[in-house]
Amino acid sequence: MSLLAIDTSTERMGVALVDEQRLLASYELLAQRPLAIELPVAVTRVLRAAGQSLEQLEAIAVDIGPGSFTGLRIGVAFVKALAFQRKTPVVGVPSLDVLAANCLYAQSIVCPLVDAKQRKVYAACYRPADGHPRKQTDYALVEMDELLAMLPPDEPILFVGDGIGLYGKTLADRLGDRALFAPPALWYPAAGLLGHLALGRLRDGQRDDPSTLVPMYLYPRDCTIRPAERAA
């Protein structure tokens, strides 16, 4: 099965084409132009590199967040348009699951951290199980003190994600030797891993209805578009 995976949840956009065994092609970059311009170009580039077309796709995966409000909205809308037109199966995968999969063979608790602005991070805790991190907490939007309270006590914690750049020193100071940090190369969701996680969910009979698929927003009030206030 060939599956197109699209990640627009962070400042690094990623597109990949995968099958059951291989990463066929991928393209990732820190988007300099608007995603609405970059994303179609990236999809065309990846499909061309793999010698495939949109008509040959058997499924599409998209990172549903949490993450960048604008990026998620563009990515999900783009995937829905592709899926509706061709009736292609769609799978949405949370960004924190993809980040945890960057650390597949970790021996400790894995905690993805994504910068959520306003001195907060998106986070969750995963415990290794047969080489695959399994989620142990809900997806959360937390400040540092709240994050520290949700971490298991007296265990090493491997942090991964762009939140390390902002809060790594604080975590090292508060947790000491218990705080472990993934290298910067692993701080962003990998589109290829997103694709393989989605293939696993398809094998388990999981898929999403494009008509109801929405990004995972943990700032529901801040993401609401409000009407302009009337002048007095």
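The values are calculated or read from the model by the stated rules, or taken from the named source; none is laboratory data. None of the values given here were measured: they were computed from a predicted structure. All Cβ positions, even for glycine, are placed from backbone atoms using ideal geometry, and neighbour counts span all protein chains on display. Side chains included, ligands, DNA and RNA excluded: accessible areas come from the protein's heavy atoms. Shrake-Rupley method; radii C 1.70, N 1.55, O 1.52, S 1.80 Å.
Key figures
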{"quantity": "Count of residues meeting criterion [over 23 Å from Y105 (Cβ atoms), open to solvent by 100 Å² or more (accessible area, probe 1.4 Å) and either assigned to a loop (DSSP other than H, G, I, E, B) or of a type in the set (S, T, Y) (or both)] in region 132-145", "calculated": "1"}
{"quantity": "L82 vs. criteria at pLDDT 95 or above and either closer than 30 Å to S211 by Cα or not hydroxyl-bearing (S, T, Y) (or both)", "calculated": "no"}
{"quantity": "Long-range neighbours under 7 Å by Cβ, at least six apart or interchain, first residue within 14 Å of A77 (Cβ to Cβ) within region 196-220, second open to solvent by 70 Å² or more (accessible area, probe 1.4 Å) and of a type outside the set (A, V, I, L, M, F, W, C)", "calculated": "P215/R73"}
{"quantity": "Scope region 45-87; condition open to solvent by less than 10 Å² (accessible area, probe 1.4 Å) and outside any helix (DSSP H, G or I); matching residues", "calculated": "A59, I60, A61, V62, D63, G65, P66"}
{"quantity": "Selection from region 90-131 of residues that are touching a residue at least 60 places away in the same chain (Cβ under 8 Å) and either hydroxyl-bearing (S, T, Y) or assigned to a strand (DSSP E or B) (or both)", "calculated": "V90, V91, G92, V93, P94, S95, S108, V114, Y122"}
{"quantity": "Considering residues of region 146-169 that are part of a loop (DSSP other than H, G, I, E, B) and farther than 24 Å from G65 by Cβ only, the residue most open to solvent (accessible area, probe 1.4 Å)", "calculated": "D154"}
{"quantity": "Qualifying position, being of a type outside the set (S, T, Y), under 20 Å from R12 (Cβ atoms) and open to solvent by less than 50 Å² (accessible area, probe 1.4 Å), among A182, A129, A172", "calculated": "A182"}
{"quantity": "Answer residue from region 88-107, given it is polar (S, T, N, Q) and within 28 Å of I157 (Cα to Cα) and is least open to solvent (accessible area, probe 1.4 Å) among those", "calculated": "S95"}
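One line per residue, one yes/no per condition, for (1) in contact with a Leu (Cβ under 9 Å, 6 or more places away or on another chain); (2) acidic (D, E); (3) modelled with pLDDT under 95:
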| residue | (1), (2), (3) |
| --- | --- |
| G92 | yes, no, no |
| D97 | yes, yes, no |
| Q107 | yes, no, yes |
| C125 | yes, no, no |
| P128 | yes, no, yes |
| Y139 | yes, no, no |
